[in-house]
Amino acid sequence: MTKARDRRRHARKQVAIPGQFRVGRGPWVAVQLGEMSIGGSFLETTEVLAMGKEVKLSFTLPDSSNEFLIGAVVRWTCPAGVGVQFGSLRAREVYQLLAFLNDKPTVLSIPPLAPPKRTRRSRSKAAPAKVPAAPRVPTSVGASDRPDSHRAVAASEALDQAKLELAHLHGERSAWGTQRAKLEKLASDQGERRRKIEAELDKLRAKSGKRDDQIAELRSKLSQRDQQIEQLRSELRQQVAELKTLRRELKAAGEAASVPADDLTCIRGIGPAFARSLRRLGVTRFEQIAAWTKADIDDMAQKLKTSPRRIQQAGWVDSAADLGWTSDLS
């Protein structure tokens, strides 16, 4: 703290001036101004303010009715309060602050100049009347207390403050430039990373497209396999039905084999070929043919590769019935 005080360019004065401040459009907060100079002041407050925060400060100097409403920036903080730097000040405000800090009156009383005495002019040429010189300012008022001197000091202080603000702005500009460079580099890195991710996504999309094609092809093959399986099942059911039919025919043939076979060529329209085919189908007796129904005739005609009409026109059923009755009589 001592080194920081030593580096200050403006003299400070211990004061206790009530005032208030606010941040942005927030509410006004009561505060007491402590150590003060032409460049800034210490604010005794418990409010937490970050460094660089801009505030609006309002206060009135002792023995004065003019309210100061100026902007300020927080430059340092401590548990007891914050130190702020005043913003731009008007000439009148600079003059009043300097007068207050130097314990001098804010208004100087300078006696007016005495008017020159009038003299009568003679008709003769007389020397022009001398104008008396203006009285001097009382010696009690020093050169540094003159208004012009105060204005010069105020202008010098304002110039110093402007230089400080300019240096501060240059520093902030440099910091912002560095931050901008970092952000641009970060944006460039993010852009490169994004391009890599998009390339990976394109590869994954291509692989996904190939996988979709493969899945569609496998589904097509699976559908074909399902159709083949269904066809095989249909053929299997047909073969099972044929196997059952063969079993019935074999059973009938076995039963017929135990009984002596009739000469089927005795039936009208049945020759040796039909007789052999009928015996292979298990038909060996007249009674079997005599018991045929229309459905049996259609089924046997299909097996014998002939037409049902031929069997009906030849009269196989009636002839077999007559022959069977005759064989029973004998």
Estimated FRET transfer efficiency (ALA301, ARG225; beta-carbon r; R0 45 Å; 0.05):
0.70
For Cα pairs less than 8 Å apart in space and 6+ apart in sequence, what is the mean separation divided by the residue count of the stretch 169-328, i.e. the relative contact order in percent?
18
GLY40's amide H: which non-local residues (gap 5+, or another chain) put their own amide H closer than 5 Å, with H modeled 1.01 Å from N in plane and none for Pro or chain starts?
PHE86
Report the calculated FRET efficiency for GLN239 and GLU198 (r = Cβ-Cβ distance, R0 = 51 Å), to the nearest 0.05.
0.25
Per the C-alpha gyration tensor (a ≥ b ≥ c, the square roots of its eigenvalues), the stretch 186-281 is rounded if a/c is under 1.5, else prolate if a/b beats b/c, else oblate; here it's prolate
Modelled FRET efficiency - R0 56 Å, LEU183 with SER65, Cβ distances, 0.05 increments:
0.65
Built amide H within the under 5 Å cut-off of GLY81, gap 5+
THR45
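If you take the square roots of the eigenvalues of the alpha-carbon gyration tensor of the stretch 1-106 and sort them as a ≥ b ≥ c, do you get rounded (a/c under 1.5), prolate (a/b over b/c) or oblate? Present the calculation step by step, with values, prior to reporting the outcome.
Numbers: a/c = 1.68, a/b = 1.17, b/c = 1.43.
It is oblate, given that a/c is not under 1.5 and a/b is not larger than b/c.
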Can you put ILE289, ILE270, ILE197 in order, fewest other beta carbons within 10 Å first?
ILE197, ILE270, ILE289
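In the neighborhood of GLY71, defined by Cβ-to-Cβ distances under 15 Å, what is the net charge if each Lys or Arg adds +1 and each Asp or Glu adds -1?
In short, +2.
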Cα gyration tensor shape of the stretch 277-319, rounded if a/c is under 1.5, else prolate or oblate by comparing a/b with b/c:
oblate
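No lab work stands behind these numbers, since they all come straight from the coordinates. This structure is a prediction, so every number in the text was calculated from the model and none was measured. All Cβ positions, glycine included, derive from the backbone under ideal geometry; neighbour counts span all protein chains shown.
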